Structures are given as C-alpha cells and as structure tokens.
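**Student:** One structure, pasted below without further comment.
The values are calculated or read from the model by the stated rules, or taken from the named source; none is laboratory data. Computed from a predicted model, the values in this text were never measured in an experiment. Cβ coordinates were reconstructed from backbone atoms using ideal geometry, including for glycine residues, and neighbour counts include every protein chain displayed.
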Amino acid sequence: LKDRLVLNRDQPARSADGSQIELLANINNLADTQAALKVGATGVGLFRTEYLFLTHQDVPDEEEQYQYYRQIIEDSPGCAVTIRTLDLGGDKTVPYLGRRSEANPFMGWRSIRLSFEHPRLFERQIRAILRAGRHGKVNMLFPMITTLEELRYVNKLVEETRRNLRREGVPFGEDVKTGVMVEVPAAAVCIDALLRETDFISIGSNDLIQYLVAADRDNPKVAHLCEPLSPAIFKVLQMVLDACQRTGTPVTLCGEMAGQPRSVLALFGMGLRRFSMSPAFVPTIKALLSSVTTAQAERFAHQVLQLKTSEEIRTYLTARLHEIS
Ligand code: PEP
Ligand code: MG
C-alpha cells in the first residue's frame, strides 16, 4: 500500500477492476483549494462557507461572498465545486448574529435554522452562490434539512432569488444544482420524499452519527457511542444509498467516514462512488480503492450488514483491510 501511495496523483481513482470513483475535497477556505488540487482531488465536495463568516466582524456582503466563491471556482478549473450555505451554531458562533444561551446548542438554533431566521442574510448568500455559478460547475448545498417542508421552502427561496436576479438583469449560473445534506435522522428516514424534490444529496455522517445515537461526540463521557463502524449507522447508510440508486440521484458522503479506510471499504461495497474528505486523506484512499475489486467490496459490505455489534464490524473490516493491503 505504501508504494501505491506515490501513485500518480493525476491518475483517476479506480478500484482494482476499474470502477470509477470520485475523490473530492472538503475545504474551509481559499488556501485549502490549492492543497486539494495538489493531492489529486477531482473537485470540491464540500466548501464550508461558515469559515468566511467566522473571520469577519460582520456579515460579508454579497459582492465579497461572490468574489470569494468565484475565486475558489476559478482556482479549480474543470472541477465541480459544492458550496454549502451557512452552517453556524452548535460549536461555531459569531457575535454579530446574536448569541443565545441554549441548553442544547446542537439540538437548537443552528445551521439552516439560523439562516431561516435571517432571511436577508440567507438571500444574500444564495444570490452570491448563483452569481458565482457563471464561472464553473457549482452545486449549492443546504445543511441540516430536517423535513420536506424545509426543503420546499428552500427551493422556493432559490426560485424567487433566480427570478429577482433575472428581473434585475444580474447574470448568474442557470444550471446551478441544489442539494441537501442528509445529517438529521428524520431526513434519512424520509429520504424517498426528499429525493423527489432535490438534485443531489450529501451525507453528513459526522452529524448523522451523533444525532442517530443521541450522543455529543465532544463529550468524552458519551463520545464512545459515536462509532461510525456500527450496525445502526451502516443500516441507515444502506437505506439512503439504495434510495439514491433507485432514483438515480447523485450522492456524496462528506463526513469523516469518507477518509477512513475501513469505512470506505464498506461504503464502496454498498455502492457509494463519491467520497469527499480532508485533502490529506485523498492519496491513502485512492491507493486503498485501487487494491480492492468491486465484487470483493460488495462481499465485505454484505457481511458487514449481517454483523450485530461494532466490535464485530471493526474486527471484520480490520482483517479485510490487512488482507488487501
Ligand atoms: C457532517 O456533519 O458530517 C459534515 C460534513 O458537516 P460538518 O462536519 O461541517 O458538520
Ligand atoms: Mg454537519
């Protein structure tokens, strides 16, 4: 495996039998874009825009956001860039949006819920992303969607914003796709309904796991429950991936699991073909996938889905990993 790490970064990611896989980058700022390209990521699967907001004294205006997004797109020629709308709250707060003390910040006023409460801020961001969409292939991603009503509301806002831009004669990308993060268990359970009204999805396994097991991963007393290699997580992921396969909906997984070898083996076997991760993991994951065939990974995934405990899954996948590397 070590030798294969120096595998040409310009080679496409493929399994040993030639299945094509996309390895994308999670980025937090412009500088990360360079790092992503250097390791051979073929696109930006998740740009977390909140970092732009966290470094400001006030909400960045539309023009500044537009220029920033445009720069990222232009720095990634030929690559699709997925821009996620503001995901503040939880552990990330900015003073200028008002700070409320909440008993359960991760269950509270965070992410798209905060954008809904600041419609002008939200519209400004949607405008900036649509405008940036003129400069390349852009996907707009909405975090923490919980219900179909929320998705419909977001779709309506995007439609209205497009109409406004058109009326004002402001140029924008007509083919910007919109998608939802699947990271709240309610969204995973009702995935079929969501898929009918969205262009693509991205699975946020970090949040999906902590909400599924009702355990704060930053709380050392309970963090052990946030185990990605567990029967409950794989069952939910299989359900979501199957639904995407049935409807032909593009799906990426952009949580930490996407950069973890044992998880990747199982996810590839479950049919996932798009992984978005911190750039540093791309070479290892590329080398790993090149040493397993699709049929092998499918067998591994099938077996994983029969196992009843995390320990069994960990032991099983660790053995498979050694076997192929
Ligand atoms: C996730 O929840 O898995 C995710 C990718 O989003 P973030 O880590 O930014 O919450
Ligand atoms: Mg998340």
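**Student:** Would you please list the contacts, defined by Cβ atoms under 8 Å and residues six or more apart or on different chains, that run from a residue in segment 205-218 that is under 19 Å from CYS254 (Cβ atoms) and modelled with pLDDT of 95 or more to a residue that is of a type in the set (Gly, Ala, Ser) and near ligand 2 (Cβ under 10 Å from one of its atoms)?
**Tutor:** SER205/GLY255; ASN206/GLY255; ASP207/GLY255; LEU208/GLY255; ILE209/GLY255
**Student:** Is it the case that some residue within segment 80-95 is under 20 Å from the mean Cα position of the chain (by Cα), surrounded by fewer than 21 Cβ atoms within 10 Å (Cβ to Cβ) and under 21 Å from ARG9 (Cα atoms)?
**Tutor:** Checked against the condition, which is being under 20 Å from the mean Cα position of the chain (by Cα), surrounded by fewer than 21 Cβ atoms within 10 Å (Cβ to Cβ) and under 21 Å from ARG9 (Cα atoms), segment 80-95 yields at least one hit.
**Student:** Considering segment 256-279 alone, what residues qualify as being of a type in the set (A, V, I, L, M), within 16 Å of the chain's Cα centre (by Cα) and assigned to a helix (DSSP H, G or I)?
**Tutor:** Listed by number, the residues that qualify are MET257, ALA258, VAL264, LEU267.
**Student:** Name the pairs whose Cβ atoms lie under 8 Å apart, with the first residue in segment 247-276 and over 11 Å from LEU289 (Cβ atoms), the second among the basic types (Lys, Arg) and assigned to a strand (DSSP E or B), and 6 or more positions between them or separate chains?
**Tutor:** Listed pairs, sorted by first residue: PRO250/ARG274; VAL251/ARG274; THR252/ARG274; LEU253/ARG274.
**Student:** Moving on. Are any of the residues in segment 101-111 away from ligand 2 (no atom under 16 Å from the Cβ), out of contact with any Pro (no Cβ under 6 Å at 6 or more places or on another chain) and of a type in the set (Gly, Ala, Ser)?
**Tutor:** yes
**Student:** Let me ask another. Any idea which residue in segment 298-325 is farthest from VAL236 (Cα to Cα), counting only those that are hydrophobic (A, V, I, L, M, F, W, C) and in contact with a Ser or Thr (Cβ under 7 Å, 6 or more places away or on another chain)?
**Tutor:** ILE324
**Student:** Has segment 186-198 got at least one residue that is within 18 Å of ALA258 (Cβ to Cβ), within 16 Å of ligand 1 (Cβ to nearest atom) and in a loop (DSSP other than H, G, I, E, B)?
**Tutor:** Scanning segment 186-198, I find no residue that is within 18 Å of ALA258 (Cβ to Cβ), within 16 Å of ligand 1 (Cβ to nearest atom) and in a loop (DSSP other than H, G, I, E, B), so the answer is no.
**Student:** Test ARG70 against the stated conditions and say whether it is surrounded by 14 or more Cβ atoms within 10 Å (Cβ to Cβ), of a type outside the set (A, V, I, L, M) and either modelled with pLDDT of 95 or more or more than 30 Å from ASN219 (Cβ to Cβ) (or both).
**Tutor:** yes
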